[in-house]
Structure formats: structure tokens, C-alpha cells
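Here is the structure we will look at.
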Amino acid sequence: MALAIALALAAGSGQAGPASAQDGSWRDSVEWNGATARMRADGDGWRLQPGSGAAVVISPQPMRSQTASPLFDGLFALAQAELAKAQVEAISDSAYDRGKPIPCSCFETGEKWRYVWTRDLSFAADLALATLRPERTRNALRFKLSDLRAGAPQGTYVVQDTGSGGSWPISSDRVVWFLAARGLVDADASDAEAARFDEAVWHALTDTLAQDRQFVFDADMGLYRGETSFLDWREQSYPRWTADDVAFLAQSFALSTNVLHHEALRLAERMARQRGDALADDYARQAGALATQIERRFWREDRGLYMSYIGTAAHPVPFEAYDLLGLSLLIDSGIAPEARARRALANYPGLEAGSPVIWPQQPGVPIYHNRAIWPFVSAYSLRAARKLDDVARIEHEIRSILRGAALAGSNMENYELVTQAVHVEAGALSGPVVNSPRQLWSVAGYLQMVMEGVFGIARDDAVDPKIPVSLVPMLFGERERISLRLPDREVVLVRPRNLDGDLLVADATAREGGRDTVRLAARRSHRSSSTLDAAAFAPASPDAPSFVQDAGGWRIDVPARQRLYVDGALRVDASTQARAIRLPKHDAQQCASLTRVEGGIESLHSPTRCVGQDTAIAGDWPRAWRAPQAGRYALSVDFTNTHGPINTGITAAVKTLVAQCDGVDEQRGTLVMPHGAAMQRSSAVVIDVPTGAACRFTLRDGVNMSYLAHNARYTGGAGGVDGPINSADIGALHAVPVKDPVR
């Protein structure tokens, strides 16, 4: 049953509804799903009895919140204690140095995860670590920078960790590193170490962006290719057929990954202007153009939501797939117009337990990203809600983050969606299948919830609280004021006498020394309410469509309750009756896929099938070919890459195809060949060919993650300690005429 989030507030009164615990039970205990967590003060510390398991003794910490809720205050101390445990001088993982300790004054990722991963570290740093532990965060971020041990050009690059199909550029969200770095750079830094870090960021930024522009950016679509950020277990949120075929991930476009590139470009513009570098205008143009395409291509009007990902350049279909992290990052970036941002956040569904990281849920998939709440994503949703003054979503995420930590006795990696349990037994679908206490980004999410979400300490150090009136009984009780003591400052919030409204905001701020005293005022805000069932499942994806040659064209049979998409556009809507359609026969490629519609929800797409004139070009390289007619041609190769398993590794093959055709300048593009057991087709390079032109094709090495010096330690597979590998068994080169792109 969907949670109508706005019901958490009594309509128009500013009075709390049932979830708001007017009786104050959230002050020292929380009850949920048959379990109760209790917190009591224990001298200067606290003692937490979670929903199950042994009591947790929490010692006093350097930062302290003082509210009417021992539960709130004690869990803030617990998050600090867990952050302290994450601070290590050595890290380890079985895939690096055969599990031996690697010196690093940094953060380990969780109790079960003793290594540093770019994505986890960067999101955690952006949420809280860069503010609280800047020196250690710089050290940890430096660990994820590398020069090249092979290939060119030499430079400083961010490491994309092992991932689908052999990592980058199938996974291409490594630019999240700059989301963390933006809170640590300061052009006027007087500290020598901070200044050196600034220079390292600048070099990594310019080099990494240039590399991604060359190998990941699609000029026709105006977007960066690659997998969704964080949602990197493809069967959880992509069509099930991608379990055996990750070429789609390498060629599709994800909202979160594109927003992260936009934010990296904006940081590059800012740093370039600070340096008086002429690149600033280039970065500004790239960021502006990218923002336009993100807004244009990911918005789905019929849902009032931004899609998590869309199809390939050859078949840029919409997907009934949405994710909370991508949406929250988009809202925080300012790319989305306010009206759309407000509508999208309101439409994104939630249950009382919290907000799902994806919607709709996918059938037949164990609980992990699917059917799950991730606290760090909830923290980003809280940040987005604060930006929009969405009072109900603010309360919803605060309660979810707090409840989860209290009942589990730790800031867990994730929770099952409906029960908010750390594990639910459901046979083959049990889960979350992987979970860890004191997960770094969950710890950071809790700290952010307190410092930014409640006390309003913004990233620019301003104090801008936005507290739902419904949380007043928990936080203030009968108190006039609550406070947050940090090592170098104190924030005091003073409640108003009149609570005629639903959101407390700053009315007047007085600064005295290191103390900010903020008098709050109540006002009316924006309310969100979703009609979608957060736990609803999408139907299973159908089989791929079949093209049957017919008189003068192609026939495609569309079964009942299925939609047919052709060349990225809806061609046949779902009907209770099966139908057949005919496509005229063209030399140019035509691509189609099917979806199934049940209960008002559309499935993820079937595999794509394409028809059109296809010329195979074989022989030794360089290969020669004469175009039968002028036009645009997509060039790709048959290949097999068995250098690693399909779910991990660092040896996706990346080659540059160079085309020299009569009458035009040299053209080039990237062929990506991910891991896979069977022969498959690479990504395509599209070129323009004049009438009757003869063309000559050569292959040059691109770059992959095995080229990074960082991966000389890699012992989890090929391309590591034994040296870089960037190769595949390559068969025929295919030339297929294609239509002009839809711009």
C-alpha cells in the first residue's frame, strides 16, 4: 500500500498526524514492525537497546546535540563513534595485493568492506566527511587518483573501480570523486597541504574530463554513456537480459551519471575561472549544453518523473525506471526547473518505512537495490526536499534514517523496503543479500541528517534550518531551544511560540563568537503526495520482437498488452488485442523493442532487434570499403572479450576506430567491447560518407582501467599485477546505414 506522505501532517493545521508521535515516544524509543528500540542516557553517554540483539554502549563524542530526545542525541553520538571506527591506517580487499594490508590513512567502507571505493567514499565525503574530517578525506581521495602505466596521454585520472563488463567505460560514474572534492578546494588556501590538494584536483579534473569526453561522450545525444551510479548490480535495476549482455549498459544513458558529469564540469569552470584559464568558457558551454539535454531526454511527462536511464543512441527509448539518487542529485544540481523538480519529488513514492531506491520494483530479483531503502540515498533525498521546502518529505526521510539506525543498532548499508529489516527471509529472493554495519556512506548520511537536515548547517557554513512542525514534540518537547555543539561552533535553535504553519525556518540569526542563535518562525510550505505504490512490481520484460519479411517491408507481431517502440518512439500502444504492424523496408537501420503493461506499470524493455542493410568488412587491418551511397553509417565489430567475468574486472576493451574516407576529414570514435562469454557486437562509431567514397579503417588503442598504475596492485583478475590488457578477439567490421539523429 502506498504511503501518501502528506498524510503525515494534518491538513492545514500544522498539527502532527499519526506518524509524528505527539505522545513523544520518539524521544527515548521507537516501535516498528513488532520491535522496539530504546535509548537512555548513561552518565555522559547513552545505552541503546536495539530492536534485537545486544545493547550498544555509546560513549560521549566530540560533537553533541542537546534536544528533548535521548534517542536522537544518542544516535548522533553512535554515528560519530562509527565514523571513528572507519578511520584506519591500512585497508585490504581480496582483489588487491592478495588481501594484504595496504597503507592508507583513510576510511574503510564498512565493517564487512575494508577497502576504499571511489563511489562509496565520494558520496560519504559529499554528505559529511569533507566537512568533519577534511585531512583524512583528502588522503582517501588521493588514494583513488592514478597516473598511467601504459597508454597516453600521461596525466592524473580518477579510478573507476572494478565493475560490469570490465569497468570503465561501461561504468562511467567515477566523476563522483569531484562531488567530494568540490567541498575541499579553495583557491585562496593558505595551508600548503590544502593548496597541493587543489592542484591535484585541478589536474585530475581536466585530465579525467578530457578522457571521458573522448571515450564516453556521445555528440549526437549530447550525453555521457554508461551505467547508473551506485545501482551497479545490473540485474537489480536493468532488464534481466543484461545479466548476459552488458553492451547495452555501455551504450545507454543514465540520469545520475550525467548529472555527476554536469557537476564536474561546473567545478571545472569554477576552478578554471579562479586560475584565469581560457578553458572556463569551454567547460561552461559543455555544462550548459549537457543540462539542456538532461532536462530534455530524461523527463517523462506521463509520470511526472525523471527516468533513471534511457536506451541507446540507435534506439533512445524511454524506460519505466526511476531512482531516488539520480532524482535527488538532479534537484540539488539546479538543472531541473523548480516546478518539475517539485512535481517529480512529490510523485516519487514512499512507504512509511522509507523511500525505495528504485521504482517500480523488479520481479524475481533478490532484495538489494531492488525492494530496498539505502540510508545514504535517503540523506540525498532529504537534501533535495530541503531545497524545495518539501516538508512531508523532510520529515519522512529524517524518521526513516533515525528509525533504521535505532532498530538495527548501527548505520546499516541497507534495509528491506516494507519492513525496514536488515534481512527478510524469502527463499531465493531473500535479502538484502549483502549488508554491513557502520557502512561509511550510511554513517555520513546520519551525520548529515543531524547537522544539515535538522540544524540547517549548509555546505557554505550558513545556518538554514527547515524543521517540520510535526517533529517539534520529538526534538523540543517542552524546551524552548535545542543545540548542536561542534568542535569550533555551536548552533542554537529557538522555537517560536506560535506553531501556525508546518515548517520552522530561520526568522532571525544572532552570531556571538562561535555561537549562532537562530530564532525560528513557522510558515506554510509545500506538501508532497504520491499516488504510486512504492512496493509495486513491474511486469516481466517480454521477448524481443521478430521482424518477418513481408511484401515490400517487415511485419512485427505485437502481443496483447504490449507496446512496440521503433527507432526510439512509441509506435503501437498496449491493447487487449494482439496486433501486427508493417514497416516499410529501408536501407537505413530500423530498431525495435517491446514492453509489457500490467496494472498501469510498464515493464523494462525487451532486447532490441534491428534490421537494415549490413555490410561485413573482413580481412587484415587496415580494412577497406566503398560506400554504396552517401550518408551516415554506423560502424561496429563482432568481438569476444573473455579477459574477465561479466560482472567485474578492469579489462573492458576500448579501441579507437579511425576512418579515412575520400573527400572528408578523418573521423574517429570509440569501440567498447565489454567482457562476455559469447560473440557480440561492439558499440558503434557513426561517420558521414560522401557519394562513392572509398574508406580505409584502422584501429588504435584506447585506454581502460588496467592502464592505471593504481591497478598494478589488482590481483582479482586479468590486467592487474601481470600488466595491462586492452584486447578482444575481433571479427568482422560492420557498416550499417543509419538515419540522421533526433536532436
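The heavy atoms of Thr137 offer some 0 square angstrom of accessible surface to a 1.4 angstrom probe. In straight-distance terms, cross-link reach from Lys585 covers every one of the lysines whose alpha-carbon lies under 27 Å from its own, apart from those fewer than eight places away in the same chain; here that gives Lys739.
Stretched out straight at 0.36 nm per residue, the stretch from Ala709 to Arg681 would grow longer than its current Cα-Cα span by 7.1 nm. Here r is the Cβ-Cβ distance between Ile617 and Lys100 and R0 is 35 Å; the resulting FRET efficiency, rounded to 0.05, is 0.15. The Cα trace of the range 430-528 gives Rg and Dmax of 15.8, 54 Å, the first to one decimal, the second as a whole number. All Cα-Cα separations within the range 95-191 were binned at 5 Å from zero, giving a P(r) of 2, 12, 20, 24, 21, 13, 6, 2, 0, each value a whole percent of the pairs. Given their separation in residues at 0.36 nm each and the Cα-Cα distance between them, Glu199 and Ser52 gain 48.1 nm when the chain is fully extended. A Cβ-based charge dipole, computed about the Cα centre of the chain with Lys and Arg at +1 and Asp and Glu at -1, lands at about 600 debye.
Label sites at Asp587 and Glu135, each approximated as a point 7 angstrom past Cα along Cα to Cβ, lie 6.9 nm apart.
Between helix 134-143 and the chain there is an angle of about 20 degrees, using the helix long axis and the longest principal axis of the Cα atoms.
Normalised by the number of residues in the chain, the average gap of Cα pairs under 8 Å and 6 or more apart makes the relative contact order 15 percent. With r as the distance between the Cβ atoms of Ala289 and Ala540 and R0 = 41 Å, compute the FRET efficiency 1/(1 + (r/R0)^6) and round to 0.05. Approximately 0.65, to the nearest 0.05.
Given 4 °C and 1.567 mPa s, compute D for the range 506-611 with the Stokes-Einstein relation, Rh being the Kirkwood radius over Cα pairs; round to the nearest whole µm²/s. This corresponds to a translational diffusion coefficient of 73 µm²/s. Compute the label zone of Asn498 within the range 513-530: residues whose backbone N is under 12 Å from the point 7 Å along Cα-to-Cβ. Under 12 Å, as judged by backbone N against the label point of Asn498, lie 521-524 of the range 513-530. Annotation: amide H of Leu148 within the under-5 Å range of Gly155, Ala709, sequence separation 5 or more or interchain, hydrogens built in the peptide plane. By its C-alpha gyration tensor, with a ≥ b ≥ c as the square roots of the eigenvalues, how is the range 313-363 shaped: rounded for a/c under 1.5, else prolate for a/b larger than b/c, else oblate? Taking the square roots of the gyration eigenvalues as a ≥ b ≥ c, the range 313-363 is oblate. From most to least packed by mean Cβ count within 10 Å, the peptides 377-386, 301-310 give 377-386, 301-310. Helix content alone sets the calculated 222 nm mean residue ellipticity of the chain: runs of n ≥ 4 DSSP H residues at -39500 (n - 2.57) each, divided across all residues, give -7500 deg cm²/dmol.
Taking a ≥ b ≥ c as the square roots of the eigenvalues of the alpha-carbon gyration tensor, the range 630-695 is classed prolate because a/c is 1.5 or more and a/b outweighs b/c.
In the chain, if the dipole is taken from +1 on Lys/Arg beta carbons and -1 on Asp/Glu beta carbons about the Cα centre, which of Gln562, Trp233, Ser122 is farthest to the positive end? Towards the positive end, the residue furthest out is Gln562. Computed with every protein chain present, the accessible area of Cys661 is close to 10 Å² [probe 1.4 Å].
The chain has equivalent-ellipsoid semi-axes of 46, 30, 23 Å, by the square roots of 5 times the alpha carbon gyration tensor eigenvalues, sorted largest first. Surface composition of the chain: carbon and sulfur make up 48 percent of the accessible area, probe 1.4 Å.
Under 5 Å from the amide H of Ser172 lie the amide H atoms of Glu227, each residue being 5 or more positions distant or on a separate chain, with H modelled from the backbone and absent for Pro and chain starts. If R0 is 35 Å, the Cβ-Cβ spacing of Ala578 and Gln629 corresponds to a FRET efficiency of close to 0.40.
A simple spin-label model places pseudo-atoms 7 Å from Cα toward Cβ; at Glu301 and Val433 they are separated by 3.9 nm. Magnitude of the charge dipole for the range 424-472, about its Cα centre and with charges confined to Cβ atoms of Lys, Arg (+1) and Asp, Glu (-1), is about 100 debye.
Computed from Cα atoms, the angle from the helix 279-298 axis to the main principal axis of the chain rounds to 90 degrees. Under the simplified labelling scheme, the Met63-Glu512 pair shows an inter-label distance of 2.4 nm, with each label point 7 Å from Cα along Cα→Cβ.
Taking all protein chains as they are arranged and a probe of 1.4 Å, the heavy atoms of Trp625 leave approximately 30 Å² accessible to solvent. By definition, a body whose alpha carbon gyration tensor gives a ≥ b ≥ c is oblate when a/c is 1.5 or more and a/b is not larger than b/c, and the range 569-693 fits this oblate description.
Of the Cα atoms belonging to the range 25-128, the radius of gyration and Dmax stand at 16.7, 50 Å.
For the chain, the solvent-accessible area works out to 36 Å² per residue, with a probe of 1.4 Å and every protein chain left in place. Each listed q (0.26 Å⁻¹) maps to a log10 I(q)/I(0) for the range 198-285, found by the Debye formula over equal Cα scatterers with no solvent: -1.28. With kT/(6 pi eta Rh) evaluated at 20 °C and eta = 1.002 mPa s, and Rh the Kirkwood radius from Cα pairs, the range 144-207 diffuses with a coefficient of 166 µm²/s according to Stokes-Einstein. Sites listed here are trypsin sites (Lys or Arg not before Pro) in the range 435-518 whose DSSP assignment is loop and whose Cβ has at most 11 other Cβ atoms within 10 Å: Arg497. The range 262-330 has equivalent-ellipsoid semi-axes of 30, 13, 9 Å, by the square roots of 5 times the alpha carbon gyration tensor eigenvalues, sorted largest first. Taking all protein chains together, Leu570, Leu499 sort by accessible area into Leu570, Leu499, largest first [probe 1.4 Å]. A DSSP coil position with no more than 16 other Cβ atoms inside 10 Å describes none of the chymotrypsin sites (Phe, Trp or Tyr not before Pro) in the range 66-116.
The values are calculated or read from the model by the stated rules, or taken from the named source; none is laboratory data. Keep in mind that this is a model prediction, so the values were computed, not measured. As a convention, Cβ positions derive from the backbone with ideal geometry for all residues, glycine included, and neighbour counts pool all protein chains shown. Only protein heavy atoms, including side chains, enter the accessible area calculation; ligands, DNA and RNA are left aside. Shrake-Rupley method; radii C 1.70, N 1.55, O 1.52, S 1.80 Å.
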